[in-house]
Amino acid sequence: MEAPVRSGGVQSVERVFELLELINDAGGEVTLSELAASTDLPLPTIHRLLRTLVGKGYVRQLPNRRYVLGPRLIRLGEGANRQLGALARPQLKHLVDALGETANMAVLDSDMVVYIAQVPSLHSMRMFTEVGRRAHTHDTGVGKAILAQLDDESVRRIVLRAGMPTPTTKSIASIDALLDELAAVRRRGYAVDDGEQELGVRCFAVAVPDSPTPTAISVSGPISRVDEDFAQRVVPLLTAAAQAISGDLNVAD
């Protein structure tokens with residue numbers, strides 16, 4: 001007699017998360033009819049679940065009746081990011097110990113990347129990206145490593161919503177150029193930010209496979225130290241670290 005109740009409870013939870021992910025995938029704002037067109041759930045069920053989520057603060061309804069993700073999700077996301085960063089820190093430290101340059105982890109948050117963990121270099125001249133900083137995807141190593149895991153249409157939607165500022169003369173300025181770059185990232189297995197965020201700084205990054213949210217790790221430093229010889233050393237170490245982090249994340253599976 002308990003199985004149907006338990007099954008129904010799991011189904012309700014799955015439906016709630018499906019709606020939250022659909023809102024997020026739509027850029028964080030969506031109408032009831034748009035949700036209904038994106039799922040097989042009956043309209044009354046969608047409306048009932050949204051009403052519950054609004055009441056709990058996980059979704060907000062705007063005056064124009066569109067639904068957006070609510071502020072209570074921020075606290076959950078920040079907590080999850082802290083845990084993910086703590087899990088990855090030993091691997092980031094190993095990278096710094098082996099290479100001498102700053103190691104970072106970032107995740108895709110809506111249409112931007114947010115840095116959630118860092119182990120800094122001991123050098124006085126180093127990249128000063130801070131934990132909590134948000135950055136565009138098209139001109140960062142971690143951003144391009146993450147985008148390369150997505151299909152081209154998803155990339156287009158993310159970049160069109162976020163925009164494509166060009167902080168340096170080396171920054172990618174068009175979606176077509178970005179898609180070409182992402183194709184190269186997929187072929188070689190890692191991304192490079194070569195002065196695209198800051199002139200004189202080079203960054204190598206790889207995606208963390210099978211992570212619950214799109215995630216990448218990177219090693220960055222001045223081009224005087226992060227040269228061609230450095231590239232030969234950093235890529236295998238980054239790849240091994242990403243695999244180790246993935247294994248830790250999925251150990252429960």
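The values are calculated or read from the model by the stated rules, or taken from the named source; none is laboratory data. Keep in mind the model is a prediction, meaning the values are calculated, not measured. Counting neighbours? That spans all protein chains shown, and the Cβs are built from the backbone with ideal geometry, glycine included. SASA here: full protein model, heavy atoms, side chains in, ligands and nucleic acids out. Shrake-Rupley method; radii C 1.70, N 1.55, O 1.52, S 1.80 Å.
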Practice prompt. Any residue in the range 55-69 that's closer than 13 Å to residue 29 by Cβ: show its pairings with residues that are part of a loop (DSSP other than H, G, I, E, B) at Cβ separation under 6 Å, as long as the two are six or more apart or on different chains.
Written response: 59/70; 60/70; 66/31; 68/28; 69/28
Worksheet, complete the sentence: Scanning the range 188-217 for residues that are assigned to a strand (DSSP E or B) and charged (D, E, K, R), the one farthest from residue 148 (Cα to Cα) turns out to be 202
Worksheet, complete the sentence: Scanning the range 52-69 for residues that are in contact with a strand residue (DSSP E or B) (Cβ under 9 Å, 6 or more places away or on another chain) and more than 16 Å from residue 22 (Cβ to Cβ) gives 62
Worksheet item: Residues in the range 203-223 that are open to solvent by 60 Å² or more (accessible area, probe 1.4 Å) and out of contact with any Gly (no Cβ under 8 Å at 6 or more places or on another chain): how many?
Response: 2
Worksheet item: Taking the range 145-200, which residues are under 18 Å from the mean Cα position of the chain (by Cα), farther than 20 Å from residue 28 by Cβ, surrounded by fewer than 18 Cβ atoms within 10 Å (Cβ to Cβ) and not charged (D, E, K, R)?
Response: 179, 189
Worksheet entry | Answer residue from the range 93-120, given it is of a type in the set (S, T, N, Q) and open to solvent by less than 20 Å² (accessible area, probe 1.4 Å) and is farthest from the chain's Cα centre (by Cα) among those | 102
